[in-house]
Amino acid sequence: MRFAVHQPTFLPWPGLIHKAIQVDTLVFLDQVQYPRGFSWINRNRLKGMHGSVWFTIPVIKKGQGLQPIDKVHVMDDPRWQRKHLMTLEHCYKNAPFFQEHFAFFEQLYAKTPERLLHWNQVGIDHVFSSFDLFGSYLLQSEIGVRAKGTGLLVAIAEKLGASELVAPRAGKGRMDTALLKEAGITVSWLDYQRPVYPQLWGEFIKDLSAMDLLFNCGPYSRRVLDRAQK
């Protein structure tokens, strides 16, 4: 079995979709520490008239100390939710597949989950299903594994009965490959080729949220991503 891990990011980028396609199971690390500094877990980029636009979910940090991702709460303030919807409409109302995906955001922002993980998981579900990836991931909390560093990867592999880890080559220096080898886990390094596709607003911007690809290419998005890897 091939597996990969990733943090549960907000409106993930196409690189995560590519990773999910390569494995039998993707595990989202929802019980590792929520970063104190910059994080993709509560923000991502889309594209507007003047370039990339940040979409950030404000979270409660003050007085919370070190929090695992699955315990982080979202600020209860409808203003940022309205701003997100207005900005989405301004950025993508002329996109070919705007209506198909804007309806999802309207429903999500009407529900306003309390925890960041729930926001992210609903977004991941929408993005993954749009790329024909159904039921292809598990949460760390679902499989009941607690460890740190490379030891967490080993524990997940043992729990899943997996023998091969798929990981981005850029992360090679951040894991103990000797420990993985000792545990009988081989590593396949992922070389992600960024897709280029039609975008609104001029010059192409890479590494945006996969929602930019979906707004612009709709049901053809998986084909765009697959072609980039050939």
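Take the residues of the range 67-89 that are of a type in the set (Asp, Glu) and at pLDDT 95 or above: which is surrounded by the most Cβ atoms within 10 Å (Cβ to Cβ)? Steps first, answer last, please.
If we filter the range 67-89 for residues that are of a type in the set (Asp, Glu), which is where we start, we get 70, 76-77, 89.
Narrowing the set further to residues that are at pLDDT 95 or above leaves 70, 89.
Values: Asp70: 20, Glu89: 13.
So the residue we want is Asp70.
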**Message:** Looking at Ser188 and the list (1) over 30 Å from Val72 (Cβ atoms); (2) touching an Asp or Glu at 6+ places or on another chain (Cβ under 8 Å); (3) of a type in the set (Ser, Thr, Tyr); (4) buried (at least 16 other Cβ atoms within 10 Å of the Cβ), which single condition is not satisfied?
**Reply:** (4)
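Evaluate the following for Arg169: is it closer than 29 Å to Tyr34 by Cβ, out of contact with any helix residue (DSSP H, G or I) (no Cβ under 9 Å at 6 or more places or on another chain), of a type outside the set (S, T, N, Q) and at pLDDT below 95?
Values: closer than 29 Å to Tyr34 by Cβ: yes; out of contact with any helix residue (DSSP H, G or I) (no Cβ under 9 Å at 6 or more places or on another chain): yes; of a type outside the set (S, T, N, Q): yes; at pLDDT below 95: yes.
It is true that Arg169 is closer than 29 Å to Tyr34 by Cβ, out of contact with any helix residue (DSSP H, G or I) (no Cβ under 9 Å at 6 or more places or on another chain), of a type outside the set (S, T, N, Q) and at pLDDT below 95.
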**Request:** State whether the residues of the range 183-206 include one that is under 30 Å from Val53 (Cβ atoms), modelled with pLDDT of 95 or more and under 15 Å from the mean Cα position of the chain (by Cα).
**Result:** no
**Subset of the range 30-61 that is basic (Lys, Arg) and modelled with pLDDT under 95 - its residue that is surrounded by the most Cβ atoms within 10 Å (Cβ to Cβ)** = Lys61
**Item:** Which listed residue is assigned to a helix (DSSP H, G or I), of a type in the set (Val, Ile, Thr), in contact with a helix residue (DSSP H, G or I) (Cβ under 7 Å, 6 or more places away or on another chain) and surrounded by fewer than 18 Cβ atoms within 10 Å (Cβ to Cβ), from Val122, Val127
**Value:** Val122
**Message:** For the condition modelled with pLDDT of 95 or more, over 24 Å from Ala228 (Cβ atoms) and buried (at least 19 other Cβ atoms within 10 Å of the Cβ), what is the one hit in Val27, Val5, Val23?
**Reply:** Val27
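Hey, can you tell me all the residues within the range 90-114 that are surrounded by 14 or more Cβ atoms within 10 Å (Cβ to Cβ) and of a type in the set (Asp, Glu)?
Glu100
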**Asked** Do you know which residues across the range 133-184 are surrounded by fewer than 11 Cβ atoms within 10 Å (Cβ to Cβ) and among the acidic types (Asp, Glu)?
**Response** Glu182
**Asked** Among the numbered criteria (1) surrounded by 14 or more Cβ atoms within 10 Å (Cβ to Cβ); (2) in a loop (DSSP other than H, G, I, E, B), which single criterion is violated by Lys206?
**Response** (1)
**Request:** For residues that are under 18 Å from Arg2 (Cβ atoms), in a helix (DSSP H, G or I) and either of a type in the set (Val, Ile, Thr) or in contact with a Lys or Arg (Cβ under 9 Å, 6 or more places away or on another chain) (or both), tally how many sit in the range 130-169.
**Result:** 7
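Has the range 113-127 got any residue that is farther than 24 Å from Ile21 by Cα and modelled with pLDDT of 95 or more?
Step one: list which residues in the range 113-127 are farther than 24 Å from Ile21 by Cα, which gives 113-116.
Those still in the list that are modelled with pLDDT of 95 or more too: 115-116.
Among the residues of the range 113-127, at least one is farther than 24 Å from Ile21 by Cα and modelled with pLDDT of 95 or more, which makes the answer yes.
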**Item:** Failed item, numbered, when Leu214 is tested on (1) in contact with a strand residue (DSSP E or B) (Cβ under 9 Å, 6 or more places away or on another chain); (2) surrounded by 16 or more Cβ atoms within 10 Å (Cβ to Cβ); (3) not in a loop (DSSP other than H, G, I, E, B)
**Value:** (1)
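The values are calculated or read from the model by the stated rules, or taken from the named source; none is laboratory data. Please read these numbers as outputs of a predicted model, since none were measured by experiment. Backbone-built Cβ (ideal geometry, glycine too); neighbour counts: all protein chains shown.
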